Amino acid sequence: MSPAPVGRWLTRLKPDVYILLILGMVGLATLLPAKGEVRPFLGVAVSLGIGLVFFLHGARLSRDAVIAGATQWRLHALVLAATFLLFPALCLLAQGLPVWILPASLGPGLLFLGCLPSTIQSSIGFTAIARGNVAATVAAATASNLLGIIVTPVLAGLLLHRTGAGVSLDGLQTILLQLLAPFLAGHLLRPWIGDFVSRRARVLSRLDRGSILLVVYAAFSDAVAGGIWSRLGVLDLARLTLVCCVLLAIVLFATLAAARAARLSTPDEITLVFCGSKKSLASGVPMAGALFPGDGLGLVLLPIMIFHQIQLMAAAVIAQRYAERPGSEGDAPAATG
């Protein structure tokens with residue numbers, strides 16, 4: 001392999017800057033947790049932040065993106081099956097692992113990870129690098145996130161209730177309203193605010209991400225008060241990282257095998273591999289904030305944060321390998337609107 005591709009791989013294997021910021025919030029909460037009179041105000045800010053995240057999700061959602069490529073029902077069905085069937089099933093099986101492999105306190109977070117929708121931005125970005133079907137990836141990732149607003153809380157509630165974790169099915173209606181109401185408001189207002197959101201995309205993205213950082217800080221403030229670091233050690237985090245690596249490897253192999261069995265074209269195979277193997281941190285953190293109030297939220301967020309970085313590193317390598325295949329320049333359909 002020439003030095004240039006190696007250099008590109010090493011560049012893409014660097015830790016994601018956003019993950020570093022999130023880890024910074026964990027460190028800040030560990031050293032200076034919010035408590036006393038500040039905590040109630042932080043709780044209100046977190047609720048508003050969760051609403052803002054889903055409002056912006058709704059405002060960004062383009063109906064054209066959902067319609068584009070939607071005729072490829074076989075591809076989209078495989079993506080959704082990997083996201084909302086295969087992942088939860090594997091994470092549910094992981095609940096049976098011995099506690100010396102997966103501590104019981106991290107089980108609910110791993111199961112919640114399995115219920116999350118796919119990513120949008122990174123799926124599209126890596127598909128473009130790999131010269132895959134960008135239009136189909138836009139449609140598949142958007143549909144996954146749209147369905148995830150309803151499917152993720154319901155699926156997580158059902159599975160976590162079954163395993164004895166603390167998500168109340170009675171509270172799902174309230175939780176869905178907390179997520180859906182701002183999302184629908186943002187989408188309904190899109191004809192009037194869509195251009196503004198597009199023009200201010202960078203500023204609003206920072207505001208969006210800032211809200212998620214606030215959720216993480218509040219979550220780990222409560223977790224530190226609840227003694228999270230007395231219950232978890234470095235070895236526990238290393239075991240969780242290994243479990244996440246194995247989980248991602250199984251899903252990558254399964255999506256690749258499904259693409260070959262379905263005789264998908266290489267660009268469509270790339271869409272399935274990237275959309276079907278990813279989980280959204282941007283949706284996962286605010287959803288977790290709505291589903292897991294209290295000091296248990298920090299434990300739920302750990303698998304999401306670790307898996308997110310692992311999936312980015314793996315995707316960087318896979319995308320580069322796909323991009324280097326012979327004749328790839330003529331493979332990918334052009335992205336639409």
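If you go through region 123-149 and pick out every residue that is surrounded by 24 or more Cβ atoms within 10 Å (Cβ to Cβ) and at positive phi, you end up with 0.
Considering only region 188-237, how many residues are among the hydroxyl-bearing types (Ser, Thr, Tyr) and over 20 Å from Ser47 (Cβ atoms)? Let's see the steps before the verdict.
Step one: list which residues in region 188-237 are among the hydroxyl-bearing types (Ser, Thr, Tyr), which gives 198, 205, 211, 217, 221, 230.
This time we only want the ones that are over 20 Å from Ser47 (Cβ atoms), so: 198, 205, 230.
Count: 3.
Only one of the listed residues (Leu297, Leu302) is at pLDDT below 90 and open to solvent by less than 30 Å² (accessible area, probe 1.4 Å). That residue is Leu297. Inclusion of Ile101 among residues that are open to solvent by 20 Å² or more (accessible area, probe 1.4 Å), touching a residue at least 60 places away in the same chain (Cβ under 8 Å) and of a type in the set (Val, Ile, Thr) is warranted.
Scanning region 176-222 for residues that are within 20 Å of Leu116 (Cα to Cα) and not aliphatic (A, V, I, L, M) turns up Gln178, Pro182, Phe183, Asp208, Arg209, Ser211.
Say whether the condition of being open to solvent by 90 Å² or more (accessible area, probe 1.4 Å), farther than 26 Å from Gln121 by Cα, more than 23 Å from the chain's Cα centre (by Cα) and modelled with pLDDT of 85 or more is met by at least one residue in region 38-60. Scanning region 38-60 turns up at least one residue that is open to solvent by 90 Å² or more (accessible area, probe 1.4 Å), farther than 26 Å from Gln121 by Cα, more than 23 Å from the chain's Cα centre (by Cα) and modelled with pLDDT of 85 or more.
The values are calculated or read from the model by the stated rules, or taken from the named source; none is laboratory data. Predicted model, so just to flag it, every value in this text is computed and none were measured. Note: ideal-geometry Cβ built from the backbone for every residue, glycine included; neighbour counts use all protein chains shown. Surface areas here come from the heavy atoms of the whole protein model, side chains and all, with no ligands, DNA or RNA. Shrake-Rupley method; radii C 1.70, N 1.55, O 1.52, S 1.80 Å.
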